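A.B. asks: This is the structure I want to talk about, given as structure tokens.
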Amino acid sequence: MPTETAPQAPQPVRRGRPVLTLLVVLLGMFTLPMAMSGTTVALSRIGSDLDASGAALQWVVVGYFLAASSFMLVAGSLGDIFGRRRVLTAGATLYTAGTLGSALAHHILLLDAARLLSGVGAAGVMASGGSLLAATFTGPARTRVFAALGTTAGVGLATGPTFAGWMVDGLGWRTTFLVFAAAGALIVTGTRFLAESRADTPPHVDKAGAATFIGGLSLTLFAVTQGSKSGWGSASTLLPLAVGLALLTAFVRVEKRLAATGGQPILDLSLTRNPAFLGWSLGAFGLGAGTTGVLVFLPTYLQGTSGTTARDAGLILLLMTVPVLALPPLGARLVNRNVPARHLLVLSLLLIAAGNIWLTTLHPGISTAALAGPLLTIGAGQGLSLGIIDAQALGMVEPAKVGMASGFLNTVRGGTGAVMLTLFGALLLALVEARVGSAELAGRVTAGAGGHADQFTEAWRITLWTVAGIVAGLALLVQRLLRGCRGPRPVRLRRPAHPTGPRPCPHPRP
């Protein structure tokens with residue numbers, strides 16, 4: 001059983017290999033979210049060129065989300081066992097191969113398969129990238145590099161549609177994939193110069209845990225995405241949902257049994273029972289839940305009700321990007337000056353909830369100036385805590401488990417994106433359909449075809465109020481989970497670190 005270790009003394013950022021590690025990881029965290037969000041603007045061109053539509057075309061985006069979300073936890077745990085640099089290299093190689101295959105695909109099913117491969121590779125890059133940084137930097141330096149990581153990932157996700165739109169219009173969607181593949185190849189090359197980092201334990205893969213988790217999560221997320229298309233009561237939704245939940249239940253039993261016998265589970269379940277770590281994880285969920293719907297669906301609303309061009313809609317979304325660029329370093333600086341990180345996280349969630357409420361002033365023909373306030377508020381909420389969650393959460397975990405913890409956090413983020421993409425769109429569709437009386441017409445309206453602007457606007461307002469309520473509720477829950485925690489002490493896994501005392505809640509200090 002791992003023993004609790006004393007907190008490591010803060011160390012400054014060093015020259016040489018640590019800096020190269022940071023640059024390689026940042027390149028991955030910029031490129032992969034951009035490829036995730038940017039591909040959405042290419043779907044119409046892809047459908048036209050490959051004569052594809054419907055579910056097969058949507059899987060170009062959905063498949064990437066599902067594969068990345070389902071493999072992140074496993075990728076993080078494999079990094080602890082076999083080496084985080086090795087998993088980063090393997091992930092970047094798979095991502096590059098899949099993206100190159102996407103550029104060369106001449107049939108929609110081949111493109112879907114290539115995107116699934118890209119998603120598996122992206123899981124390796126994102127999970128091992130964060131754990132490499134956690135193993136390389138400590139103290140205030142760790143807080144600063146994770147702030148840079150949050151900024152980079154947020155900018156990549158937010159600017160993806162704009163950048164990809166310019167690329168698709170100017171060079172075509174195949175060239176866009178080639179550019180992303182070139183970035184992947186650069187990441188692969190860079191990993192060859194990084195130092196290896198792994199847990200000091202004999203290699204052992206929890207095969208049963210990996211199989212049940214990947215199968216269970218992928219089927220559950222698939223059922224969520226299927227529900228909005230085929231109906232929540234259809235067999236094509238309920239069957240994969242039932243099998244997925246059964247596999248996830250089996251996963252919990254497998255992990256408990258393996259931990260009880262002294263094995264190495266993919267997920268040490270005592271980590272998820274630690275209130276403070278759970279609080280940071282729910283915070284990560286809240287940041288994604290409050291921003292994903294606006295980021296993905298607002299351009300469609302603006303195009304359908306105000307006649308905004310795709311390019312201008314993408315530029316308007318940059319209003320959310322400005323705070324994401326500016327505020328993560330500020331959040332890190334405040335934490336390093338002894339401002340409790342949990343207060344910043346709760347403030348972030350409240351700002352996002354307030355921004356969604358403010359956005360209910362949405363109406364046909366709304367000006368960019370009127371959108372600036374709510375979008376900047378949502379972006380400020382995201383940017384303030386985007387770079388501190390990983391540093392705080394991973395700082396609670398002993399070094400041998402940072403890959404597993406990083407994979408868990410990224411699984412939460414990826415799952416949030418997949419679920420919110422589906423639920424936000426499904427709620428909009430259901431509300432519009434209830435008002436126009438036709439599923440087919442509602443589909444055209446929510447796709448930005450125009451018409452019925454008042455009904456579309458009313459549906460948006462109800463959806464935004466719903467999202468705001470969810471995020472505000474998460475803020476209260478996070479405040480409760482993190483209340484009273486103290487000290488940058490690592491969590492002892494498999495049993496509470498302080499059964500009778502305050503919970504650990506790291507606040508790195510200079």
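A.B. asks: Averaging over all projection directions, find the projected area of the Cα convex hull of the stretch 95-171 and quote it in nm² with one decimal place.
C.D. replies: Computing the convex hull of the Cα atoms and averaging its projections yields 6.1 nm².
A.B. asks: Assuming 0.36 nm per residue, please report the length gained on full extension of the stretch Val339 to Lys256 beyond their Cα-Cα distance.
C.D. replies: Roughly 26.2 nm would be gained on extension.
A.B. asks: What's the longest piece of the chain with no exposed GluC sites (Glu not before Pro), counting a site as exposed if DSSP puts it in a loop and it has at most 16 other beta carbons within 10 Å?
C.D. replies: The segment 197-510 is the longest one with no such site.
A.B. asks: Accessible area, 1.4 Å probe, largest first: how do Ile81, Ile378 sort?
C.D. replies: Ile81, Ile378
A.B. asks: Based on alpha-carbon centroids, what's the gap between the stretch 437-473 and the stretch 343-363 in Å, whole number please?
C.D. replies: Cα centroid of the stretch 437-473 versus Cα centroid of the stretch 343-363: 19 Å apart.
A.B. asks: Using a 1.4 angstrom probe and counting only protein chains, how large is the accessible area of His452 in Å², to 10?
C.D. replies: 80 Å²
A.B. asks: Let me ask you something else. Quick one: accessible surface of Arg342, probe radius 1.4 Å, all protein chains present, in square angstrom to the nearest 10.
C.D. replies: Using a 1.4 Å probe on the heavy atoms, I get roughly 40 Å².
A.B. asks: Between Val397 and residues 5 or more places away or on another chain, which pairs have amide H atoms under 5 Å apart, with H built 1.01 Å from N, and which residues are they?
C.D. replies: HN-HN under 5 Å from Val397: Val491.
A.B. asks: Report the extension gain between Trp166 and Ala434 in nm, rounded to one decimal, defined as 0.36 nm multiplied by the number of residues separating them, less their alpha carbon distance.
C.D. replies: Gain on stretching Trp166 to Ala434: 92.9 nm.
A.B. asks: Okay, moving on. Got a sec? Charge dipole of the chain, +1 on Cβ for Lys and Arg, -1 for Asp and Glu; which of Thr212, Leu325, Leu278 is way out at the positive end?
C.D. replies: Farthest towards the positive end: Leu278.
A.B. asks: If contacts are Cα pairs under 8 angstrom and at least 6 residues apart, what is the relative contact order of the stretch 299-430 in percent? Walk me through the numbers before you get to the answer.
C.D. replies: On the way: 114 pairs, mean separation 38.7, N = 132.
In percent, rounded to a whole number, it is 29.
A.B. asks: Now for a different question. What's the FRET efficiency of Thr368 with Leu23 using the Cβ-Cβ distance as r and R₀ = 22 Å, to the nearest 0.05?
C.D. replies: Rounded to the nearest 0.05, the efficiency is 0.05.
A.B. asks: Order the following by accessible area, largest value first: Lys207, Lys401, Lys256. Probe radius 1.4 Å; ligands, DNA and RNA are ignored. List each step's numbers first, then the result.
C.D. replies: Details: Lys207 155, Lys401 30, Lys256 120 Å².
Most to least solvent-accessible, the answer reads Lys207, Lys256, Lys401.
A.B. asks: Another question, then. Ranked from the most accessible area to the least, with a 1.4 Å probe and all protein chains present, what is the order of Val19, Val432?
C.D. replies: From most exposed to least exposed: Val19, Val432.
A.B. asks: Cα gyration tensor of the stretch 19-146, axes a ≥ b ≥ c as square roots of the eigenvalues: rounded (a/c below 1.5), prolate (a/b > b/c) or oblate?
C.D. replies: Prolate, since a/c reaches 1.5 and a/b exceeds b/c.
A.B. asks: Relative contact order (percent) for the chain, with alpha-carbon contacts under 8 angstrom and 6 or more residues of separation?
C.D. replies: 23 percent
A.B. asks: Still on this structure: In whole percent, how big is the carbon plus sulfur part of the accessible area of the chain, probe 1.4 Å, protein atoms only? Let's see the in-between values first.
C.D. replies: Values: 12770 of 19630 Å².
Roughly 65 percent, rounded to a whole number.
A.B. asks: If you count only protein heavy atoms with a 1.4 Å probe, what accessible area per residue comes out for the chain, rounded to a whole Å²? If you can, show how the numbers build up before the last one.
C.D. replies: Numbers: 19630 Å² over 510 residues.
Per-residue accessible area for the chain comes out at 38 Å².
A.B. asks: Can you pull the one-decimal nm distance between simple spin-label points at Arg174 and Ser230, each 7 Å off the Cα toward Cβ?
C.D. replies: The answer from the label model is 3.3 nm.
A.B. asks: Okay, next question. How many nm separate the modelled label positions at Glu196 and Asp454, each set 7 Å beyond the Cα in the direction of the Cβ?
C.D. replies: About 6.9 nm separates the two model spin labels.
The values are calculated or read from the model by the stated rules, or taken from the named source; none is laboratory data. Everything numeric here is computed off the predicted structure, so don't read it as measured data. As a convention, Cβ positions derive from the backbone with ideal geometry for all residues, glycine included, and neighbour counts pool all protein chains shown. Accessible surface areas use protein heavy atoms only, side chains included; no ligands, DNA or RNA. Shrake-Rupley method; radii C 1.70, N 1.55, O 1.52, S 1.80 Å.
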